[in-house]
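What follows is one structure encoded as structure tokens, with my remarks underneath.
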Amino acid sequence: MKQTKQIKNSNLLISLKTYVLAQNICFNIKMNMGDDFKMNRKIRVLICSILSTIIISSVFVGCGKSSSSANGNTSPIVFWNVFTGADGQNMTKLVAQYNATNPKIKIKNVPMEQNDLYAKLPSVVLSGKAVPDLTIVHAERIPLFVEDKMLMPLDKYITANGNIKEENYVSEGWKVGGIGGNRYSVPLDVHSYVSYYNKDLMAKYGPHVLDDGVITMDEVREVGLASKKDKITGMSIGWMRPEFLALYEQLGGELSADGTAPTFSNEKGEKVLNDFKTMVKDGIASQDGDDPGQLFKSGKLVIWPEGIWMANSVSAIKTLNWGMTHFITYDANKKVNWSSSHQFTMFKNSKMNDARATEIMKFIAWIGDNSIEWARSGQVPASLKILKSEEFQKMPQAFLLKEKGTQKIFNYKYYGYATEALDKIVTETVFDKMDVKKGLDQAVKETQDRIKASKK
């Protein structure tokens, strides 16, 4: 608005100067015509009128071009996201398909590792330079971004679009973007950490384990003890963050008792890590240095805890007979699948304008309508239109929607601090490179220190 006002004031000044210039030229014509001025009055008026019109028109054409340049930025919409894994090819394909529709502004897909993305965002927003137009962030990060005043509210753009509505999305994905009466994000999906299993190996070493569709920790031990006799690993140790959090949640553990101070160094946290540690020690779980994905794909692993986003890589092995079910659990009656949601957000950017934001909303709405391609990567799109489709219902990950309340999205404001601290110790403790209690204490202390530093 301020920029528009400045342009209008500039145009007014130019028009006044132009009028004065035209009048000076006419005055000079009058002086040069001398005594013949009266008898040539009609000619003078005609010449002055034509001259003034030409000068003023040319100036306003130039002003019009300047205004368009200031407000009509059609450079590609820079889209930062974290899709560097097996699902990245599906997002690349979606962006290419959208760009093929010839939108007013095309999308530039910029995937990067999530830790790099979260490290870069504060600095670019603070400097105001190279701020991405559109960014995918995880749901758990949004509350702190809002508190730090880094995100733009999307309400007016969503309303103007008309196609992005709450009733079009799964509630678990939609609700996380609403904070303090404003909407700061639109969900792309709700993704979970589950259990892949080798059907042939499970039939051999745990034939009745999946009768109820759930794998308990006791059953993991049963399968692992049987399979290790044939040098087959029972269960892998992979990304320990979601594996720890899922079991910790099952035991009733909390990252913070009051929503602020971290409180996850306790007996429940210790039990989870010690149980994994024992499985490693007993040869039931994979060992330090093993590649879980390779073990599973080569038929040397029975149970592979992993994200649904890895389905592409598994599907590529045509000789592998595999299935997918809930993440392992202590209690078959209490299923908890660590989950998150990729959310479309717009970070504060002085170069953003309404026209550009409108095109961004069109892209988000188009993705919602066409995210069956995203589902093909193993993801669960947030669009209800896609989830109800016959193609999706036949996909392995569709089971997640059949039991409500099994997908756990953590809403701790300092989740990012806590999980980055946990990442440094959970795998180390499970492989007996660090004492369990000392590791959890270290993670809590690091989280506390980061919270304190953020308040300065």
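Ignoring aspartates and glutamates fewer than eight residues from Lys120 along the same chain, the ones with Cα atoms less than 16 angstrom from its Cα are Asp133, Asp148, Glu420. Amide H neighbours of Ala382 under 5 Å, at least 5 residues apart or on other chains, H built in the peptide plane: list them. So Ala382 has HN proximity to Asp189, Val190. In this simple spin-label approximation, Lys402 and Lys452 carry label points 7 Å from Cα along the Cα→Cβ vector, and these lie 5.0 nm apart.
The packing ranking of peptides 167-178, 122-133, 233-244, highest mean first, is 233-244, 167-178, 122-133, where packing means the average number of other beta carbon atoms within 10 angstrom of each residue.
Considering only alpha-carbon pairs that sit under 8 angstrom and 6 or more positions apart, the relative contact order computed for region 102-235 is 14 percent. Each Cα pair under 8 Å and six or more residues apart adds its separation to the average, and for region 69-154 the resulting relative contact order is 38 percent. When +1 charges are put on Lys and Arg Cβ atoms and -1 charges on Asp and Glu Cβ atoms, the dipole computed for region 198-351 relative to its Cα centre reaches about 600 debye.
Scalar couplings 3J(HN,Hα) for region 340-355, obtained by applying the Karplus form with A = 6.51, B = -1.76, C = 1.60 to θ = phi - 60°, are 8, 9, 6, 10, 6, 9, 10, 7, 4, 8, 5, 8, 6, 10, 4, 5 Hz; x denotes Gly and Pro. Remark on Val78: its backbone amide H falls under 5 Å from those of Lys108, Asp133, Leu134, a criterion applied only to residues 5 or more positions apart or on other chains, H modelled at 1.01 Å from N. Listed values for region 185-194 are Karplus-derived 3J(HN,Hα) couplings in whole Hz (6.51 cos²θ - 1.76 cosθ + 1.60, θ = phi - 60°), namely 7, 10, x, 8, 7, 10, 10, 10, 9, 10, and x replaces Gly and Pro. Straight-line reach from Lys300: taking Cα to Cα under 19 Å and skipping same-chain neighbours fewer than 8 places apart, the lysines in range are Lys199, Lys204, Lys228, Lys229, Lys231, Lys281, Lys318.
Heavy-atom accessible surface of region 256-386, averaged per residue, reaches 37 Å², computed with a 1.4 Å probe. Applying the Karplus relation 6.51 cos²θ - 1.76 cosθ + 1.60 with θ = phi - 60° to region 369-384 yields 3J(HN,Hα) values of 6, 10, 7, 4, 5, 5, 5, 5, 7, x, 7, 10, x, 7, 6, 5 Hz, where x marks Gly and Pro.
The values are calculated or read from the model by the stated rules, or taken from the named source; none is laboratory data. Here the structure is a predicted model, which is why all the values come from computation and not from measurement. Because the Cβ atoms are built from the backbone with ideal geometry, glycine has one as well, and the counts that use them run over all protein chains shown. Ligands, DNA and RNA are excluded from the accessible area calculation, which covers all protein heavy atoms including side chains. Shrake-Rupley method; radii C 1.70, N 1.55, O 1.52, S 1.80 Å.
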